[in-house]
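Take a look at the structure set out below.
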Amino acid sequence: MAYHPFRHLGLKFVALVLASLLWLTVAGEHVVERILAVPVEFRNKPAHLEVVGNPPDSVEVGLRGSSALLSRLQPGDVVAMVDLQQARPGSRLFPVRHEEVRAPYGVEVTQVMPATLGIELEKSATRTVPVVAELDGEPAPGFVIGARTAEPAMVEISGPESRVKKIANATTEPVSVAGARVNVRDVVGVGLVDASLRLTKPQNVTVIVDIMPAPVERELKGVLVRARNLGSGLAAPPVRPGSVTLLVRGRQEALADVRAEAVDAFVDLAGLGAGQYNLRVQVDPSQHFGVVETTPSVVDVIIRAIK
């Protein structure tokens, strides 16, 4: 087929114009240099080591390229990579090489400042710690918070060995008990106060908070005081005063049926001989209430020898 130089003349003209515009555009771009702060990423960290302290999170990098290309750079387009493959425990220096700075095609890395980074490394450790449920708010008036439990009650954590040894527990997200009148049950996340530590396996826990009626106080007047453990060959007239007033605290329904005559108040005469004493009044423990105050708290006791 014979060659015809003027065939498709229009298409050839358009191609020539486009090529000329492209050449003018490229030729018109200035090559410039800029210094940018870029993030640092650690790679190839041995599994048995942890980076501790406050390692540098950025370095300054000198870049060369066309003005248009450098002006279009976005955060994350240039990243300084630090290789920790040969890392050992302790304070170490690691070089940041030009060839390990990731940059877009057409951008040349001319310098890195600083050229080395100081990094502290420590052995990794794991440990099981209890979960403490954090609460938010207060129950409704007349109610109080009782026991709180988390299921599971323990979680496994990992991180730098020195930090793992120090932490006492993991904590939950706050569980709201605001205005509660009945037990609260919630499923929440678990975290650690120390940011250098982490859960070996991220998980949620079920928190149960007991909400119970607030204890009330009641006065029991005329509670008789008796003498106990009087030695042989001794006699003791009734103590003075012979009764006391008790301020007791407990659940309202439990205190409703408590009577003064059913409460055992006493003074202990064990080991005491003849004489006059001021002795503290004691009350037998009860499952239904606790004694807040005894009035009077001491009584007079006279012990005589039997002739």
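The values are calculated or read from the model by the stated rules, or taken from the named source; none is laboratory data. Bear in mind that the values here come from a model prediction, so they are computed numbers and not experimental data. For neighbour counting, all protein chains shown are included, and Cβ atoms are generated from backbone atoms with ideal geometry for every residue, glycine included. For the accessible areas, the whole protein counts, side chains as well, though only heavy atoms, and no ligand, DNA or RNA atoms are used. Shrake-Rupley method; radii C 1.70, N 1.55, O 1.52, S 1.80 Å.
Brief remarks follow.
- Stretching the chain fully between L93 and S58 yields a gain of 11.1 nm (0.36 nm per residue, less the alpha carbon separation).
- Taking amide H positions as modeled 1.01 Å from N, with prolines and chain starts lacking one, the residues under 5 Å from V281 and 5 or more places away or on another chain are V298, V299.
- For the stretch 77-197, the convex hull drawn through the C-alpha positions has a volume of 174 cubic angstrom per residue.
- Centre separation in Å (Cα based) which lies between the stretch 220-278 and the stretch 110-181: 50 Å
- Between amide H atoms placed 1.01 Å from N, distances below 5 Å from E138 occur with A178, G179, all of them 5 or more places distant or on a separate chain.
- Taking GluC sites (Glu not before Pro) in DSSP loop conformation with at most 16 other Cβ atoms inside 10 Å as exposed sites, the chain has its longest uninterrupted site-free stretch at 135-307.
- Phi angles across the stretch 298-307 convert, under the Karplus curve 6.51 cos²θ - 1.76 cosθ + 1.60 with θ = phi - 60°, into 3J(HN,Hα) values of 10, 10, 8, 10, 10, 10, 10, 7, 7, 8 Hz, Gly and Pro given as x.
- Environment charge of V129, counting only residues whose C-beta is closer than 13 Å and scoring Lys/Arg +1, Asp/Glu -1: +3
- Gyration tensor verdict on the stretch 123-168 (Cα atoms; rounded if a/c is under 1.5, prolate if a/b is larger than b/c, oblate otherwise): prolate
- Sequence-distant residues sharing a close amide H with V101 (under 5 Å, placed H): M81
- Solvent-accessible heavy-atom area per residue, rounded to whole Å², over the stretch 30-120 at 1.4 Å: 59 Å²
- Helix 9-28 vs. the chain, principal-axis angle (Cα, 0 to 90°, nearest 10): 60 degrees
- Accessible area of the stretch 161-289 divided out per residue, in Å², using a probe of 1.4 angstrom: 60 Å²
- Stretching the chain fully between T206 and D300 yields a gain of 28.3 nm (0.36 nm per residue, less the alpha carbon separation).
- In the stretch 187-302, the portion of solvent-accessible area held by carbon and sulfur atoms comes to 50 percent [1.4 Å probe, whole percent, DNA, RNA and ligands not counted].
- Working note: Karplus 6.51/-1.76/1.60 with θ = phi - 60° gives the stretch 268-277 the couplings 9, 9, 4, x, 8, x, 4, x, 10, 9 Hz, where Gly and Pro are set to x.
- Helical runs assigned H by DSSP (4 residues or longer) give the chain a calculated mean residue ellipticity at 222 nm of -3000 deg cm²/dmol, each run adding -39500 (n - 2.57) before division by the residue total.
- Shown in residue order for the stretch 133-148 are the 3J(HN,Hα) couplings computed by the Karplus curve 6.51 cos²θ - 1.76 cosθ + 1.60 at θ = phi - 60°: 7, 8, 10, 10, x, 10, x, 4, x, x, 10, 10, 7, x, 6, 10 Hz (x for Gly and Pro).
- Projected label distance in nm at R226 and S243, using a 7 Å step from Cα toward the beta-carbon: 1.6 nm
- Note on A262/V187: beta-carbon distance plugged into 1/(1 + (r/R0)^6) with R0 of 45 Å gives a FRET efficiency of 0.50.
- Taking Cβ atoms as reference points and 13 Å as the exclusive limit, the residues near E100 contribute a net charge of 0, counting Lys and Arg as +1 and Asp and Glu as -1.
- Rounded, prolate or oblate (a/c below 1.5 giving rounded, otherwise prolate when a/b exceeds b/c) for the stretch 160-307 by Cα gyration tensor: prolate
- Residue separation of S162 and D136 scaled by 0.36 nm, minus their Cα-Cα distance, works out to 6.2 nm of gained length.
- FRET efficiency for the H30 to R102 pair, using the beta carbon distance and R₀ = 22 Å, is estimated at 0.35.
- Prolate is the label for the stretch 88-149. Its Cα gyration tensor axes, ordered a ≥ b ≥ c, give a/c of at least 1.5 and a/b above b/c.
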